[in-house]
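Beneath this line is the structure, given in structure tokens, with notes to follow.
The values are calculated or read from the model by the stated rules, or taken from the named source; none is laboratory data. Every value quoted in this text rests on a predicted model; they were computed, and no experiment measured them. Positions of Cβ are generated from backbone atoms using ideal geometry, with glycine treated the same way; all protein chains shown enter the neighbour counts. These accessible areas exclude ligands, DNA and RNA; they are computed on the full protein's heavy atoms, side chains included. Shrake-Rupley method; radii C 1.70, N 1.55, O 1.52, S 1.80 Å.
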Amino acid sequence: MTDLLTYLSRLFAFDSEHPLLFTQFHFWAFFFIVYAGFCLVVSLGGKKGRRNPVGKAQRLWRNGYLAFVSLFFYYKTSGLYVGLLLFATFAGFLLGRWMEALQRRQLSKGVSTQKRRATLMAAGVIVNLAVLCYFKYAYFFTDIFNTICSTHYSIANAIILPVGISFFTFQNISYIVDVYKDKVRPADNILDFAFYTTFFPQLVAGPIVRADQFIPQLYKPFFLTRRQFGIAVFWVLNGLCKKLVLADWLAVSFVDRVFENPLLYTSFENFSALLVYSLQVYADFSGYTDIAIGVAMLMGFYLPLNFNSPYKATNAAGFWKRWHISLSNWLKDYLYIPLGGNRNSTPGTYIIPAVMLTVVVLMAKTLWVTIAAIAVAVVLLLVYALAPRHRRELSTNLNNFDTMLLGGMWHGASFNFITWGALNGLGILVYKWWKGKDPLYRIVAIALIYLASKSLYHFFPYPVFSMFHFALMVVAAAIILLNVVPLLWGKRYHPSRFKQGLILVWNTLLTFVFISFTRLFFRSGSNLDPAEANETAWRTATQMVERIGGTWNWQQVPAILSNYAPVFIVFLLGMIVHWLPDRFKRRYRLWFASMPLWLMVLGTVAVVFVVYQFITADLQPFIYFQF
């Protein structure tokens, strides 16, 4: 009896060393027990009909049961921070019901309650953001204050970032704003809303589930066809393969070694680590999403698509329509459009970059940074004052840039993440400026930019300028070659399929390399204690820039390729699978889902066996758990 009680206490206690991860046996044991209970629960309840698609009792049992097990799942992942999730849940539910009550009063008595509803909505957003800022950015803001004011304030007690706080905070904000805008009807009761905010498959690492996408599903009957079951199993297996075969193995075998001490490795190894990390982070995050989609589908719920082969993108703007789609859409609807979108500007359009420039100048405390910031501000003011016709374009570009800047900051409390977001924003703006230009303009522009970079590197031979100089030389050569033929032939020129394919391949590879370079700052800021993230991350990033922008010893490349042959082979195979046509992937997904059940079981066992061979001694946590 004592042994049983000890086992049960250990089973239900929080263990920070062994959280419930999708890649662990404990999670699947948990899920099978939960799923057995779910099947029992959905068989209970009232009668179903056209006006009552899910019996009220059955719905309460189902939603209440899943809310309870989801809270237990979060407790096993984050311990007593489950109280924070409960607070967010109750606050969001009460605000939604309060706004609905005010709306009914307005409709029945004709009394305007719009201002009160707007106040409640603003209060809900502010409270959620305040909680997020405290846990995620307390060290960051304290560090900024200390650097600017030359003080030494510190946060006495370590603040541990609750797992998934950004995801359930954004879901709560989505619900509050959507209820205010009448885009979604408030949840009927606390159990329904608790299920929406805590649904365990996507609770700790997304995708971000919007209220108008998920809450209507709460009132639909459980429905799972034989083919849907097969597709759900496929998504789970696909996610496990991505996470364990690609992400974890590549990280342990190569990427983590280089990022831990870039100066110990060659320029080629540092550059290769960036490219391999791009595949790793995609396989890690999309692998989690695939498993979450499959697990949710087995219970009759559908999560939104979060990735659409992002490395097929031919430009930075297209990449963000394919990568972390739920976050991109959330930022567009709740940040970009409120800032003014592509129609106009708001005070926030200019306040955000002004504050950021000011902070950078005050922290850097160097003449060159101050001159650069003043130059940027002067250029923006001159365009706004002297070119009224371009004000709308300026506002749109600033709104785009601000969105990416804050999107970077959402990922982490470090200037590395802000730099990463800013680079992605610049990439989008450069693409928007470039895409409408004719071939002659492109050739002249890239030639002038290359000459400017060459001059800059000549007078200031720093590694970062060397890296940009080399990159611009390659880009300039390719652009001139790709544009000189249509310029010479004029209207008689008709691009062949081969030429179109060549341009597509070049744009895809260029986008992939650019995105991989920005990840230098993303990876350097990851997996760090927030109290030391800024200094450590920036040092790692600058060391990698020093290596990549330094002298390349090409004679070492064959030996490096030989020593890390398995890594480069797995990386190449992973990219080939990623670049396969969507229709081909859809076919083998449906083929798996249509297998006879016995064959599907054998296939599942075979995949699990292969995946098991790649499991590392120390399982890697999902990268996006920290966000």
> Can you name every residue in region 578-596 that is exposed (fewer than 12 other Cβ atoms within 10 Å of the Cβ), in a helix (DSSP H, G or I) and either without any contact (Cβ under 8 Å) to a residue 12 or more places away in the chain or of a type in the set (G, A, S) (or both)?
Replying inline: R583, F584, R586, R587, Y588, W591
> What number of residues within region 88-110 satisfy the criterion of being open to solvent by 100 Å² or more (accessible area, probe 1.4 Å) and either at pLDDT 90 or above or within 31 Å of the chain's Cα centre (by Cα) (or both)?
Replying inline: 2
>> If I go through region 431-450 residue by residue, how many of them are among the hydrophobic types (A, V, I, L, M, F, W, C), open to solvent by 60 Å² or more (accessible area, probe 1.4 Å) and more than 22 Å from F517 (Cα to Cα)?
In response: 3
>> Quick test for you: out of L380, L394, L405, L367, pick the one residue that is open to solvent by less than 40 Å² (accessible area, probe 1.4 Å) and either over 23 Å from L132 (Cβ atoms) or modelled with pLDDT under 80 (or both).
In response: L394
>> When you scan region 315-333, do you find a residue that is open to solvent by less than 60 Å² (accessible area, probe 1.4 Å), touching an Asp or Glu at 6+ places or on another chain (Cβ under 6 Å) and within 17 Å of A422 (Cβ to Cβ), even just one?
In response: no
>> Which numbered condition in (1) touching an Asp or Glu at 6+ places or on another chain (Cβ under 9 Å); (2) acidic (D, E); (3) within 30 Å of I126 (Cα to Cα) is the only one that D248 fails?
In response: (3)
> For residues in region 561-577 being part of a helix (DSSP H, G or I) and touching a residue at least 12 places away in the same chain (Cβ under 8 Å), which is most open to solvent (accessible area, probe 1.4 Å)?
Replying inline: P566
> From the list G287, G300, which one is touching a Phe, Trp or Tyr at 6+ places or on another chain (Cβ under 9 Å), part of a loop (DSSP other than H, G, I, E, B) and under 14 Å from A232 (Cα atoms)?
Replying inline: G300
> Name the residues in region 542-560 that are open to solvent by less than 70 Å² (accessible area, probe 1.4 Å) and of a type outside the set (V, I, T), would you?
Replying inline: Q543, M544, G549, G550, W552, A559
>> Any residue in region 290-312 that is touching a residue at least 12 places away in the same chain (Cβ under 8 Å) sitting within a Cβ distance under 8 Å of a residue that is basic (K, R) and part of a loop (DSSP other than H, G, I, E, B)? List the pairs, counting only those 6 or more apart or interchain.
In response: G300/K220; P304/R210; F307/R322; N308/K321; N308/R322; S309/R322; P310/R322; K312/R322
> Which of the residues belonging to region 68-87 are touching a residue at least 12 places away in the same chain (Cβ under 8 Å), within 18 Å of H26 (Cβ to Cβ) and open to solvent by less than 30 Å² (accessible area, probe 1.4 Å)?
Replying inline: V69, S70, F73, Y74, K76, T77, S78, G79
> With (1) in a helix (DSSP H, G or I); (2) open to solvent by less than 50 Å² (accessible area, probe 1.4 Å); (3) more than 28 Å from R586 (Cα to Cα) as the list, and L191 as the residue in question, which single condition is left unmet?
Replying inline: (2)
> Given the residues N189, N261, which is the only one that is closer than 30 Å to Q103 by Cβ and polar (S, T, N, Q)?
Replying inline: N189
>> Please pick out the residue among K183, K115 that is of a type outside the set (A, V, I, L, M, F, W, C), outside any helix (DSSP H, G or I) and modelled with pLDDT of 80 or more.
In response: K183
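Conditions (1) open to solvent by less than 10 Å² (accessible area, probe 1.4 Å); (2) touching a Pro at 6+ places or on another chain (Cβ under 8 Å); (3) more than 25 Å from A57 (Cβ to Cβ); (4) acidic (D, E), marked per residue:
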{"position": "P201", "(1), (2), (3), (4)": "yes, no, no, no"}
{"position": "P207", "(1), (2), (3), (4)": "yes, yes, yes, no"}
{"position": "R210", "(1), (2), (3), (4)": "no, yes, yes, no"}
{"position": "F214", "(1), (2), (3), (4)": "yes, no, no, no"}
{"position": "Y219", "(1), (2), (3), (4)": "no, yes, no, no"}
{"position": "F223", "(1), (2), (3), (4)": "no, no, no, no"}
{"position": "R226", "(1), (2), (3), (4)": "no, no, yes, no"}
{"position": "I231", "(1), (2), (3), (4)": "no, no, yes, no"}
{"position": "L237", "(1), (2), (3), (4)": "no, no, yes, no"}
> Taking region 257-277, which residues are acidic (D, E) and open to solvent by less than 30 Å² (accessible area, probe 1.4 Å)?
Replying inline: E269
> When region 362-373 is examined, which residues are found to be farther than 18 Å from F401 by Cβ and in a helix (DSSP H, G or I)?
Replying inline: L362, M363, A364, L367, W368, V369, T370, I371
